[in-house]
Amino acid sequence: MANYSYELKLQAVLAYLDGKESMRAIAKRFNISKTPLLNWIALYKENGVQGLIPN
């Protein structure tokens, strides 16, 4: 599993929540698959930015 930086996770999640791009476009722009993006969005919605900080 790849390790992604907190900054990349936050940028991708905020780009999605901004609603101007599709999930597919965001995943392509950040060179990630949709699965981690979905997970990060869920973590962000549940825990805020704390959910994106690595353990």
Measuring from label point to label point, each 7 Å out along Cα→Cβ, what is the residue 23 to residue 50 span in nm? 2.6 nm
Considering the zone a paramagnetic label at residue 35 would reach in this model (a point 7 Å from Cα along the Cα-to-Cβ line), which residues of the range 2-25 have amide N under 19 Å from it? 2-5, 9, 13, 23-25
When all protein chains stay in place, what accessible area (Å², nearest 10, 1.4 Å probe) is found for residue 43? 70 Å²
Using only C-alpha atoms and all pairs of different ones, pull out the Kirkwood radius for the chain in Å with one decimal. 11.0 Å
Could you please report the charge total around residue 15, scoring K, R as +1 and D, E as -1 over all other residues with beta-carbon less than 14 angstrom from its beta-carbon? +3
Add +1 for every Lys or Arg and -1 for every Asp or Glu among the other residues with Cβ under 13 Å from the Cβ of residue 52, and state the total. 0
Provide 34, 20 ordered by accessible surface of protein heavy atoms (probe 1.4 Å), highest first. 20, 34
Proximal charge balance of residue 27 [Cβ under 15 Å; K/R count +1, D/E count -1]: +4
Helix-only estimate, please: 222 nm mean residue ellipticity of the chain, summing -39500 (n - 2.57) across DSSP H runs of length 4 or more and dividing by its residues, to the nearest 500. -19000 deg cm²/dmol
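The values are calculated or read from the model by the stated rules, or taken from the named source; none is laboratory data. It should be emphasised that the depicted structure is a prediction, and the values quoted were computed from it without experimental measurement. Cβ coordinates were reconstructed from backbone atoms using ideal geometry, including for glycine residues, and neighbour counts include every protein chain displayed. Quick note on the areas: whole protein, heavy atoms, side chains included, nothing else; ligands and nucleic acids left out. Shrake-Rupley method; radii C 1.70, N 1.55, O 1.52, S 1.80 Å.
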